[in-house]
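The values are calculated or read from the model by the stated rules, or taken from the named source; none is laboratory data. Worth saying up front: this structure is predicted, and the values here are computed from it rather than measured. Please note: Cβ atoms are built from the backbone with ideal geometry, for glycine as well, and neighbour counts cover all protein chains shown. For the accessible areas, the whole protein counts, side chains as well, though only heavy atoms, and no ligand, DNA or RNA atoms are used. Shrake-Rupley method; radii C 1.70, N 1.55, O 1.52, S 1.80 Å.
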Amino acid sequence: MLIVFSGLPGSGKTTLARALAGALSAIHLRIDTLEQAIRDSGALASDVGPSGYFAAYGVAEDNLRLGHTVIADSVNPLPVTREAWHQVALRTGRTCIDIEVFCSDSAEHRRRIETRGGDIAGLRLPNWQDVSNHDYIPWNMPVASIDTAGCTIEACLAQLLQLIDTARG
């Protein structure tokens, strides 16, 4: 199965993706990690464009073909990126579950952005202004969503596991 997270920076995507990957023994594909590795290579020093996403699509496809559950962790802000994930699942004959992560409490969301530390060497984290101005097109179809405002990681993980059980049928 392919589980695709989307949402603005600081919403809790990576925290939940890591927790879910641990609970499911799944592969966690984080676009930030891939994009920073591309920058570090020197091939594309600043604007890596869609290269991180394209690398992730390939790695996801390889691992889905091996029978692994893959969790894609990215802002995934555009219909074109969302459709590309669905095409990966389609090519491999796997189910794709979209999960939008958001924080409905803007003060909490801002606090997260302003106080979080980075865990990827060299990655410049966005500030609140960057997040506020980030391109993010609303979904044009129903999508599972998790509101992380005032919610513990454990409670959100329980919601995610229930969503996945429901999707599995």
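Points worth noting:
- Across the chain, the longest piece that holds none of the trypsin sites (Lys or Arg not before Pro) lying in DSSP loops with up to 16 other C-beta atoms within 10 Å covers 1-115.
- Within-12-Å neighbourhood charge of ARG39 [Cβ basis; K, R +1; D, E -1]: -3
- Distance between the stretch 1-69 and the stretch 146-169 - C-alpha centres, whole angstrom: 20 Å
- For the stretch 70-169: rounded, prolate or oblate by the Cα gyration tensor [a/c cutoff 1.5]: prolate
- Taking only protein heavy atoms and a 1.4 Å probe, the accessible area of the chain is 53% carbon and sulfur.
- Local net charge near SER106, Cβ-Cβ under 14 Å (Lys/Arg +1, Asp/Glu -1): -1
- Cα shape, the chain, gyration tensor, a/c 1.5 rule: oblate
- Shape analysis of the stretch 73-132 places it in the prolate category; the axes a ≥ b ≥ c from the Cα gyration tensor give an a/c of at least 1.5, with a/b above b/c.
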